[in-house]
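K.L.:
Have a look at this one before I ask anything.
Only the coordinates and a few stated rules stand behind these numbers; no lab work does. Not measured: the values here are computed from a predicted model. Counting neighbours? That spans all protein chains shown, and the Cβs are built from the backbone with ideal geometry, glycine included.
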């Protein structure tokens, strides 16, 4: 048994009775393996400051997103176990945990690195206003009002184009199957080092999703509005943390130096997940 997995933390959604029930069952099973285990309620705000050799995110994709941001840069593997609905980010289902987890304890697993996005708000002079916040899936710039507005996009200091629509999604490869996919963005293999920029309901057929290397910074400048409309965009990270972008300010998004390692069963295959979860390729 690898010594590094002697202390395990189990993140779960304490607001859901089913999440509490599964957390108790998983923690009891881990104790029976002679390992230390700590249940961690996955709160909406605040970061985890505990110690563990392995963290298990038990729940749906929202729980995985919380855990990923808390673990960024800590070099603690993250195993996502689905007890929710879709569970696209998970490596296994909770109903098979008692069968598959002992194999992981014996070293039958793979580690895959994942990067996170880092988002901040700056004023027109480049002075820091708020942030940075991390995002595992995506950063979304849109307004609370159901109205279109303009966004100037810059990549690596170069002007790209102006978008007019309901907003923009900047997604990581793991996040390509979330909101970005709903906005007609491409499916991107999670190991690639790229951004996916997908417009939301653009007012032009030429506004198409773009895939860019993650080595450069993205800057999004919302317009001041037109007529009597003055947009007050919100920059949302994973739909769980939010920053206001006032007139004259801009959103700055880059690849974070803090990443995580996803721990997956040795037989995990991303394309199997696509076929099973999304019915990918079926007629």
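K.L.:
Using R₀ = 45 Å, calculate the FRET efficiency as 1/(1 + (r/R₀)^6) where r is the Cβ-Cβ separation of residue 150 and residue 32; round to 0.05.
P.N.:
My answer for the efficiency is 0.15.
K.L.:
Shifting gears a bit: Place the peptides 163-169, 265-271, 101-107 in order of packing, highest mean first, counting for every residue the other Cβ atoms within 10 Å and averaging per peptide.
P.N.:
Result, highest mean Cβ count within 10 Å first: 163-169, 101-107, 265-271.
K.L.:
At a temperature of 20 °C and a viscosity of 1.002 mPa s, determine how fast region 117-255 diffuses translationally according to Stokes-Einstein, using the Kirkwood radius over alpha-carbon pairs as Rh; express D in µm²/s, rounded to the nearest whole number.
P.N.:
Rounded to a whole number, D works out at 146 µm²/s.
K.L.:
For the chain, what is one quarter of the convex hull surface built on the Cα atoms, given in nm²?
P.N.:
16.0 nm²
K.L.:
Expressed as a fraction of 2.2 N^0.38 Å, the rule-of-thumb size for a compact globular protein of N residues, what is the C-alpha radius of gyration of region 160-240?
P.N.:
The value comes to 1.14.
K.L.:
Taking 0.36 nm per residue of sequence separation and subtracting the Cα-Cα distance, how much length would be gained by fully extending the chain between residue 128 and residue 85, in nm to one decimal?
P.N.:
Fully extending the segment from residue 128 to residue 85 adds 11.6 nm.
K.L.:
Let me ask you something else. Quick one: Debye curve from the alpha-carbon atoms of region 181-283 only, equal weights, vacuum; give me log10 I(q)/I(0) at q = 0.10 Å⁻¹ to two decimals.
P.N.:
-0.43
K.L.:
What angle, in degrees between 0 and 90 and rounded to the nearest 10, separates the Cα long axis of helix 17-32 from the longest principal axis of the Cα atoms of the chain?
P.N.:
Roughly 40 degrees between the two axes.
K.L.:
Let me ask something else about it. Post the alpha-carbon centroid distance, region 116-175 to region 66-103, in whole angstrom.
P.N.:
29 Å
K.L.:
Nearest 10 degrees, 0 to 90: what angle lies between the long axis of helix 61-71 and the longest principal axis of the chain (Cα atoms)?
P.N.:
90 degrees
K.L.:
Residue separation times 0.36 nm, minus the C-alpha to C-alpha distance between residue 159 and residue 20: what's the value?
P.N.:
Extending this stretch completely gives an extra 45.2 nm.
K.L.:
Describe numerically, in nm with one decimal, the distance between label points set 7 Å from Cα along Cα→Cβ at residue 182 and at residue 51.
P.N.:
Once both label points are built, they end up 4.1 nm from each other.
K.L.:
Extension gain residue 193-residue 280, at 0.36 nm per residue separation less the Cα-Cα distance, in nm?
P.N.:
29.0 nm
K.L.:
In Å and whole numbers, how far do the C-alpha atoms of region 81-193 stretch along each principal axis, longest first?
P.N.:
Sorted from largest, the Cα extents of region 81-193 read 54, 29, 23 Å.
K.L.:
If Rh is defined by the Kirkwood formula over all Cα pairs and Rg also comes from Cα, what ratio Rg/Rh do you get for region 1-108?
P.N.:
0.92
K.L.:
Continuing with the same structure: When ranked by the protection proxy of mean other Cβ atoms within 10 Å per residue, highest first, what sequence do the peptides 247-256, 146-155 form?
P.N.:
Taking the mean over residues of other Cβ atoms within 10 Å, the ranking is 247-256, 146-155.
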